[in-house]
1. Consider residue 259 against the criteria (1) at pLDDT 90 or above; (2) open to solvent by less than 10 Å² (accessible area, probe 1.4 Å); (3) not hydrophobic (A, V, I, L, M, F, W, C): it satisfies all of them except one. Which criterion is unmet?
2. Say whether the condition of being under 23 Å from residue 292 (Cβ atoms) and open to solvent by less than 10 Å² (accessible area, probe 1.4 Å) is met by at least one residue in the stretch 399-418.
3. Conditions first: (1) assigned to a helix (DSSP H, G or I); (2) closer than 23 Å to residue 292 by Cβ; (3) not polar (S, T, N, Q). Residue 125 passes all but one, so which condition is the exception?
4. Any idea which of (1) open to solvent by 10 Å² or more (accessible area, probe 1.4 Å); (2) farther than 30 Å from residue 516 by Cβ; (3) not charged (D, E, K, R) is the one residue 389 doesn't satisfy?
5. Given the condition surrounded by 17 or more Cβ atoms within 10 Å (Cβ to Cβ) and touching a residue at least 40 places away in the same chain (Cβ under 8 Å), answer yes or no: does some residue in the stretch 230-239 qualify?
6. Inside the stretch 76-96, can you point out the residues that are surrounded by fewer than 18 Cβ atoms within 10 Å (Cβ to Cβ), assigned to a loop (DSSP other than H, G, I, E, B) and either on the phi > 0 side of the Ramachandran plot or modelled with pLDDT of 85 or more (or both)?
7. Out of contact with any strand residue (DSSP E or B) (no Cβ under 9 Å at 6 or more places or on another chain), touching a residue at least 12 places away in the same chain (Cβ under 8 Å) and under 18 Å from residue 67 (Cα atoms): does that describe residue 130?
8. Out of the residues in the stretch 509-534 that are touching a Gly at 6+ places or on another chain (Cβ under 8 Å) and surrounded by 15 or more Cβ atoms within 10 Å (Cβ to Cβ), state the one that is nearest to residue 377 (Cα to Cα).
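The values are calculated or read from the model by the stated rules, or taken from the named source; none is laboratory data. What you are looking at is a predicted structure, and each value in this text was computed from that prediction instead of being measured. Glycine also receives a Cβ, built like all others from the backbone with ideal geometry; neighbour counts cover every protein chain displayed. The area values use the complete protein model at the heavy-atom level, side chains included, leaving out ligands, DNA and RNA. Shrake-Rupley method; radii C 1.70, N 1.55, O 1.52, S 1.80 Å.
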Amino acid sequence: MVGNAASAGGLGHGPDERTRHPLVRGGRPVTGAWTTFLPLALVLSSLLPGLIIFTLREDQVRLRISLNLLAATLKLCLVGVMLWGVDRGLSFRFAIDFLPGGGLVLQADATSLQFITLSAVLWLATTVYAIGYLENSPLRSRFFGYFSLCVSATMGVALAGNMVTFLLFYELLTLATFPLVVHRGSKKALHAGRVYLAYTMGGGALLLMGVALLHSLIGSPEFQPGGYLGPMLDAHRPSLILAFALMIAGLGVKAALIPLHGWLPQAMVAPAPVSALLHAVAVVKAGAFGIIRVVFDVYGVEQMQALGLATPLLALAAATILYGSLKALQQQELKKRLAYSTISQVSYITLGVALLGPLAAVAALAHLVHQGLMKVTLFYCAGNFAETLGIHRIREMDGVGKRMPVTMTAFTLGALGMIGVPPTAGFITKWYLGIGALDVGQDWVLLVLVASGLLNAAYFMPLIYRGWFSAPPAQWPEERNLGNGKPGLGETHWMLLAPVIFTTVLSLLVGIFANTELSPLAWSQLIIDRQFDP
């Protein structure tokens, strides 16, 4: 099956990769003392600087910036070492006793490496962006302290080796992001924070019940390709179905599956770096990543089919895709339109997972990266418009491309990617989802993808038209001279512009070079080869 999938998708790999990527292909990795502590070091590399940042005075700007950039750069280097080590057969695993039948386990497997690489790359870019965005703002030490705790929790989610560890860091992520949502301290921000906390804590409680139910039946074994519940299928069928429903409901809050999505649009009151954080890297991706883990590494494809769990999950994902797109079309605030777009786009991941086919699963894992790059670009651009010209509503975007051509170009390319225009990363995702749906006989999914693409165009193309072809106003809502006030590279502060250019170029490259061995699509294929041919 895997060989056919690879050829159908135009993505093939040589036999030597079974030895080059032992964690993916099932080889026998080797260990060493330093490899034991590298997963823990990835978590601590942002946790310890974050705790120091909390203690800094507001006027200690250089020290705070240095700590932020040092931590982000160190984390990226550690991820690079881990990728290098995996390529050479090393195993990275840290474990301590935590509960009977379930320890605290941090380990690098192929799936976690994809998530932590995305997180490390985008965290460095977002750190640079946040430093420029919050220049001269109050409470920066508090902001960047929680910012660092958030990345630590995200790394823990990605590296979790079992559901107990995943649950622990999943809840820490909620606690770390809440102060970022309410950072501005306005009534609107505090209300959004209360809504966010109610949803995410409620989701965490549901996830806890599901994990506890599974733990009572089998303990908390480490994640395994193909799952580990097969021997229990006949004896505990009702309990396994209930545990799945509880866990998907808990994960569905952060993944913004309807009707559990209500917190996400309201959280847009947060500063732009936080919005980028919520939508592209941390919170929604933690939910989607958890669904991937539960479906593939706890239950497994065969058990999902035997229990009949895939169909309701597939229907829920399809409904969320269409609902999010329809709601985005109705929004007149730029960040809220992007928020509902996220609700729709992240559900492509759940859709691909629920199809239970190799090609669709490849699309789901690749979209974890593709959507992150495109969406973070769009939120950077929205933040640039707001900070430089005071643009918050769609009607205020008229002619912005003449004043901010670099940012508007990036926004245009990100939007075209979301629509799925070739050769963008978004097109790659939709192409693989489409042929993946046909591969498993779910032809109706093509209608969902076509409808979603048309709706994406309907709510993004007017923004592109306004930005490039409408006449600019005599005066912008609230213009600030963050650059030199001239169109081009001086259109805004360089720390707001550089991350936009970086993520735009990266999102284009992963689409154009999707068929190369170094692409997220290729890595996703390697992961799924093990799921369907362990």
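1. Failed condition: (2).
2. Within the stretch 399-418, one or more residues are under 23 Å from residue 292 (Cβ atoms) and open to solvent by less than 10 Å² (accessible area, probe 1.4 Å).
3. Against the list (1) assigned to a helix (DSSP H, G or I); (2) closer than 23 Å to residue 292 by Cβ; (3) not polar (S, T, N, Q), residue 125 comes up short only on (2).
4. The number of the failed condition is (1).
5. Among the residues of the stretch 230-239, not one is surrounded by 17 or more Cβ atoms within 10 Å (Cβ to Cβ) and touching a residue at least 40 places away in the same chain (Cβ under 8 Å), which makes the answer no.
6. 89 - this is the single residue of the stretch 76-96 that is surrounded by fewer than 18 Cβ atoms within 10 Å (Cβ to Cβ), assigned to a loop (DSSP other than H, G, I, E, B) and either on the phi > 0 side of the Ramachandran plot or modelled with pLDDT of 85 or more (or both).
7. Judged against the criteria, residue 130 is a match.
8. Selected residue: 511.
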